[in-house]
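See structure below.
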C-alpha cells in the first residue's frame, strides 16, 4: 500500500472504499485513537461500501501502519497486499539532528515474505503446519520488490523498518558487519541512539535505525534464519542470492549504494533525542495474566475444523465470529468471541499485564494503547526496547505496563492478540473495553 504521512495535531478525514467482493476493515495500527475509528473487527466495511472515519492524530512522532482486520480473514487479506506504512511527524527532526528528507535519507522499508506460483502471483494455501506455526514465504520482499537497490547519500540514512509479514521474525544485520543505531521503536523515539550489530523485528513491530554510509561502500541488508519460528528456522529461502559476510544461512533483503551526487544532510550521530522517564510501576491499578494457547482444542476434530475453516477463508466466504470450528487457539483457555468482553479497564489508568507463551514465541499486540516492557523472559528489555511500544515478542513470559488513554465502549471494544496472523484468525485474540 501507499505511505501515508501525517503530522501530530492534524485531524484527517479518511475515505476507505471497499472494492473487494468480501467484507474488510482498515485498522490503524499504532495510532492512539478511540475504538470507534480503530478499524478493528467490529468496524466492518461491506463489499462496495465506504467508511469515512475522521481521525485526530494526538501522539508523538512515530512509524505506524495500517492493515485489514476482519476476524477470520486478516491473514489472507494482509498477505494479499492490503498493508501500508503511516508516518507521524512532529516537525522536530531537524533540531534533533535526524535525517528527514523522505525518499532520500529517510526511507520506509516494508518487510514481507511470499510464496509465488508458476504464474508469478503470490499463493496463500496454508497447510496444517502453517496454521500451527504461522505462514512463511520462501521469497523475501522489501516494499514489494525482490532484492531492490537504493541510492543513498554518503552520510547517515534513516531506515523506517516495518515487519508486515504474517509470521516471520526478521533478524536484521548488514553483510559487512557495519554497526547501526536504533533510534525509535513502535510508538516513537528512544532517549538516545542505541548501537547494534543485529536487530530482531517481529511481525507488526517497527524500528527506526540510522546507518552510516560515509565510507562510500555499498551495504547489503540481510536477515538470518528465524530462530523464533515454532517449526525451527522457518522456510528455506529462494531469494535472488545468498548474502555474503555472514555465511550461506543469511539472505539478502536489499542493497544500499552511496551516491556522491546526493547531499548528505546528516554526517554526525545525534546524542539526545527525547527525554523519557522510567516506567512508573507504582501507577498500576491492576495485574492481569494472559496465557497464549496455540493448542486449545487440538484433538483430531479440532484439527479437521481448522482445515475446513481455512479452506473457506481462502475462498472469501463466511467466517465463524464466535468460536467453534476454526477457532482452535485461544487466550486464557477461551477462543475469541465477538460478543464477549474479556477485560474492562478504566480510562486514564495503567495496568501490568503478564503475557505467558509456553510453547513458542508470539508477538503480542494491544490496540489503542501503548506500553513499556518491564521484563521479557525474566530479563529487563534491551535499550532498543526501552521506549513506548504496542508489540512485544513474548518468548516465554513478559510483563508490560499498559496505559489506557483512549476510550473503548463495550459495544466497540479494542483487541489484544497474537500478531502471527494465522493465530489471530484462529482465536488467539481477546477484547477489552476502556470506560
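Note on the chain: helix-only mean residue ellipticity at 222 nm, from DSSP H runs of 4+ residues weighted -39500 (n - 2.57) and normalised by residue number, equals -2000 deg cm²/dmol. Counted over the chain, the DSSP beta bridges are approximately 75% antiparallel. Across the range 99-120, the residues whose backbone nitrogen lies under 20 Å from the label position 7 Å along the beta-carbon direction of residue 259 are 99-110.
Distance from the alpha carbon centroid of the range 26-99 to that of the range 249-295 works out to 19 angstrom. By the count of other C-beta atoms within 10 Å, a proxy for reagent exposure, 78, 142 are ordered fewest to most as 142, 78. Gain on full extension, evaluated as 0.36 nm per residue between residue 280 and residue 138 minus their Cα-Cα distance, stands at 46.8 nm. Normalised radius of gyration (Cα atoms, divided by 2.2 N^0.38 Å) for the range 38-136: 1.41. Over every Cα atom in the range 94-258, the radius of gyration and the widest Cα-Cα span, Dmax, amount to 15.9, 52 Å. Label separation (residue 5 vs residue 215): 3.0 nm, computed from points 7 Å beyond Cα along the C-beta direction.
On the principal axes of its alpha carbon atoms, the range 4-91 extends 40, 23, 19 Å, with the longest extent given first. Exposure proxy shown here: for 287, 65, the number of other Cβ atoms within 10 Å sets the order, fewest to most, as 287, 65.
To the nearest µm²/s, what D does Stokes-Einstein give for the chain at 25 °C and 0.890 mPa s, using the Kirkwood radius over alpha carbon pairs as Rh? Approximately 112 µm²/s, per Stokes-Einstein.
Between 0 and 90 degrees, the angle of helix 300-314 with respect to the longest Cα principal axis of the chain falls at about 60 degrees. Counting every other Cβ atom within 10 Å of each residue's Cβ, 434, 222 order from fewest to most as 434, 222.
Values quoted throughout were computed directly from the atomic coordinates according to the rules given, and no laboratory measurement underlies them. All values reported here derive from a predicted model rather than from experimental measurement. With ideal geometry, Cβ positions are generated from the backbone for all residues, glycine too; neighbour counts draw on all protein chains shown.
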